[in-house]
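Each reported figure results from applying straightforward, stated rules to the coordinates on display, with no laboratory input. Computed from a predicted structure; not experimentally measured. Backbone-built Cβ (ideal geometry, glycine too); neighbour counts: all protein chains shown.
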Amino acid sequence: MIKPHDKRLRVLSNEHPLNKGSRVTDEVILFFFDIQSLEIKQYLHPTDFNEIGKNELEDKLRIFKDAEKAFIKILDTNYNEIKFKDYPNYPDTLFNSTVERYSFSINEDIEFITDKTTIYGKRDSNRRMEALPDFIFVNKNGGSVELVKLRKQI
């Protein structure tokens, strides 16, 4: 029988802190993000600027669900039972919309570390190019999903 907070208790009981002097509770990650979308369009015919239908990037719930699946797939944590291995092939993702390519990044100066990978976020209040967060890139052509790292690895 699964009890309330079972996974949280297993994490707190079974894991060790990564940083000396910290507690496991200091290193548990819960995602509470606000979605901010940026859309850049490229028209194939310079004289035809007709947009039919709704802008897919205005649907924050759909973007949120897609981002959640993307991060869970890439981070591949030990405690997530649902891994979204078939991402982006789910009915509620942007993959099934008019969007051809899209990406997700974290606009905070934090990093997420799992046994399999690390995702770096970056916040640069001056919006300079030195801020190079990792991002998850999704491309309809071939259904590829990849973690792209722009900063040099130390």
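Residue by residue, the range 102-108 carries 3J(HN,Hα) couplings of 7, 8, 10, 9, 10, 8, 9 Hz when phi is fed to the Karplus relation 6.51 cos²θ - 1.76 cosθ + 1.60 (θ = phi - 60°); x denotes Gly or Pro.
Among the listed pairs Lys20/Lys69; Lys65/Lys85; Lys85/Lys149; Lys69/Lys122, a Cα-Cα separation exceeding 26 Å is found for Lys20/Lys69. Each label point was placed 7 Å from the Cα along the Cα-to-Cβ direction; for Ser22 and Tyr79 their separation is 1.4 nm.
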